Amino acid sequence: MYLTKWEEKALQGEFGEAVQLAMSVIVKVCKALKGVRLIEITHAHVSGISYFNIGEEGLQLLEDIVNKNAKVCVYTTANPASIAIVEEFKARYSNEIVVKQLRILELLVTMGIDGRSFTCTPYKLRMPKLGEHLAWAESSAVIYANSILGARTNREGGITALMAAITGRTCFSGMHLDEERSPTEVIEVGFPVDSVALASALGLYIGRITRGIPYIKMKLKIRSNLLNVALKSMLSSIASTSSLSLALIENISPEAGKADVKSLDRISIDYREVRDLIESRCAGSLLLGCPHVDAEEIKELLSEVEPKLRSYGIERIYIAVPISEVENMQKFYLPKEVRGIEIIYLPGVCPIVSDLRTTGIGIISTPHGKAFHYLPRISGVQACLTNIV
Ligand code: F3S
């Protein structure tokens with residue numbers, strides 16, 4: 001495997017123990033992937049920062065790396081933390097869990113990770129350009145970066161993304177290569193996609209049936225202000241039921257226009273194949289913001305769901321947002337309740353990467369496919385995909 005002089009020196013320990021460790025991980029992983037060289041990156045995004053996910057071992061690993069004086073050398077953001085640190089929920093968890101979750105965030109910031117991040121929409125803080133090489137480790141952000149922005153990133157693991165942040169490099173393989181970014185089949189959606197929930201259901205279905213990189217032909221009939229929420233929900237749903245990092249969407253993905261799809265296999269999707277995933281009514285709490293939503297998107301979502309809340313039996317609303325949006329949310333005068341139903345904003349955290357069994361939150365209704373897919377698997381609560389928006 002070819003290494004530049006700087007990379008060889010890093011591997012030999014000339015730039016300190018932390019860089020040496022990080023470079024040895026990146027090189028080993030790249031050899032396993034049959035990569036022939038590394039590529040410099042402009043932005044790393046680290047996942048796996050919930051104490052519920054990484055536990056004591058993960059926390060200890062971060063302590064060890066910080067003790068070796070590790071610092072990131074490119075702009076680096078991190079995923080949301082668990083909700084154990086949110087005021088409304090703190091009392092539901094042991095003090096030990098709260099303290100350890102806060103310690104994880106402190107260690108990440110000590111390494112130079114942007115303390116305003118803790119979001120699954122890192123492109124809101126720094127929008128990558130077409131063709132930019134990244135090392136991102138959040139599946140929903142990875143598929144958005146590749147498919148909507150035309151940037152290039154593999155689905156890194158939490159650790160490899162951190163090592164890439166410390167070295168400024170990742171393996172030049174997979175999504176970084178032109179030849180790996182061509183579609184392998186055409187998916188023709190035979191019905192208009194007119195809601196966030198339907199976009200999610202479609203995404204979950206596409207993830208299950210696709211065998212390669214899909215080229216998706218579909219008609220979106222969604223208000224322009226909610227279009228991005230629908231696309232984020234659809235793509236993150238695809239990434240939940242598959243290992244895909246890229247889906248080309250006709251007329252939307254920057255690389256879709258130059259794709260030659262004439263000779264590819266075609267798969268048609270009928271409305272009947274996805275409708276059963278969606279429930280028209282499911283009571284309980286409503287979760288919005290998976291992936292995170294910004295202040296403008298919240299305003300649009302609330303205006304859409306408001307008239308339906310009572311008839312859908314919604315008792316409380318949770319909205320997950322990036323920390324960086326809090327200021328904006330004040331400017332937009334976002335409400336604390338709507339039609340007498342309380343809204344709890346969750347800045348910098350993700351309910352799904354949290355054990356929710358002790359919180360008293362019952363069943364969760366959500367229009368987002370990724371939350372619907374993972375809530376029962378990770379958080380231990382029931383979820384239903386609701387067509388409220
Ligand atoms: Fe983000 Fe958590 Fe959903 S990280 S994409 S809100 S599962």
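The values are calculated or read from the model by the stated rules, or taken from the named source; none is laboratory data. Everything numeric here is computed off the predicted structure, so don't read it as measured data. Ideal geometry is used to build each Cβ from the backbone, glycine not excepted, and the neighbour counts take in all protein chains shown.
For the stretch 129-148, a residue qualifies if it is part of a loop (DSSP other than H, G, I, E, B) and either surrounded by fewer than 24 Cβ atoms within 10 Å (Cβ to Cβ) or not assigned by TED's automatic domain parsing to the domain that holds HIS43 (or both), and the qualifying residues are LYS129, LEU130, GLY131, GLU132. From ILE143, ILE187, which residue is in contact with a Pro (Cβ under 9 Å, 6 or more places away or on another chain), of a type outside the set (S, T, N, Q) and modelled with pLDDT of 95 or more? Only one candidate qualifies: ILE187.
Let's see how each residue does on (1) without any contact (Cβ under 8 Å) to a residue 60 or more places away in the chain; (2) within 16 Å of the ligand (Cβ to nearest atom):
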residue	(1), (2)
GLN20	yes, no
ILE49	no, yes
ALA70	no, no
VAL86	no, yes
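Counting residues in the stretch 283-296 that are within 25 Å of VAL142 (Cα to Cα), away from the ligand (no atom under 16 Å from the Cβ) and among the acidic types (Asp, Glu) gives one or more. Residues that are within 25 Å of LYS232 (Cβ to Cβ) and not small (Gly, Ala, Ser) were ranked within the stretch 105-117; the one that is surrounded by the fewest Cβ atoms within 10 Å (Cβ to Cβ) is ARG116. For the stretch 22-72, taking the residues that are small (Gly, Ala, Ser) and exposed (fewer than 15 other Cβ atoms within 10 Å of the Cβ), the one that is farthest from PRO351 (Cα to Cα) is identified as ALA32. For the stretch 332-386, what are the residues that are charged (D, E, K, R) and either at positive phi or within 12 Å of the ligand (Cβ to nearest atom) (or both)? Listed by number, the residues that qualify are ARG339, LYS370, ARG377. Of the residues making up the stretch 304-341, those that are over 22 Å from ILE222 (Cβ atoms), assigned to a strand (DSSP E or B) and β-branched (Val, Ile, Thr) number 1. For residues in the stretch 82-117 being in a helix (DSSP H, G or I) and among the acidic types (Asp, Glu), which is nearest to the chain's Cα centre (by Cα)? Residue satisfying both the conditions and the ranking: GLU106.
Note on the stretch 18-67: among residues that are basic (Lys, Arg) and in a loop (DSSP other than H, G, I, E, B), the one that is farthest from MET111 (Cα to Cα) is LYS34.
Residues in the stretch 174-212 that are closer than 27 Å to THR366 by Cβ, among the β-branched types (Val, Ile, Thr) and buried (at least 19 other Cβ atoms within 10 Å of the Cβ): ILE187, VAL189, VAL193, VAL196, ILE206, THR210.
Each row is one residue, and each column tells you yes or no for (1) touching a helix residue (DSSP H, G or I) at 6+ places or on another chain (Cβ under 8 Å); (2) within 20 Å of ASN154 (Cβ to Cβ).
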residue: GLY190; (1), (2): yes, no
residue: ALA199; (1), (2): yes, no
residue: ILE213; (1), (2): no, yes
residue: SER224; (1), (2): no, no
residue: LYS232; (1), (2): yes, yes
residue: ALA247; (1), (2): yes, yes
residue: PRO254; (1), (2): yes, yes
residue: ILE269; (1), (2): yes, no
residue: GLU273; (1), (2): yes, no
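Among the criteria (1) buried (at least 19 other Cβ atoms within 10 Å of the Cβ); (2) at pLDDT below 95; (3) over 23 Å from SER365 (Cβ atoms), the one SER242 does not fulfil is (2). Output the residue which, of all residues in the stretch 118-127 that are surrounded by fewer than 22 Cβ atoms within 10 Å (Cβ to Cβ) and in a loop (DSSP other than H, G, I, E, B), is nearest to the ligand (Cβ to nearest atom). Ranking the candidates gives LEU125 first.
Of everything listed in (1) over 18 Å from the mean Cα position of the chain (by Cα); (2) closer than 28 Å to ALA135 by Cβ; (3) polar (S, T, N, Q), the single unmet condition for SER200 is (1).
Looking at ILE113, is it away from the ligand (no atom under 14 Å from the Cβ) and of a type in the set (A, V, I, L, M, F, W, C)? Answer is yes for this residue. In this entry, LEU301 is excluded by the filter for residues that are surrounded by 15 or more Cβ atoms within 10 Å (Cβ to Cβ) and assigned to a strand (DSSP E or B). Restricting to the stretch 139-160, count the residues that are away from the ligand (no atom under 14 Å from the Cβ) and closer than 21 Å to PRO80 by Cα. Of the residues in that region, 7 qualify.
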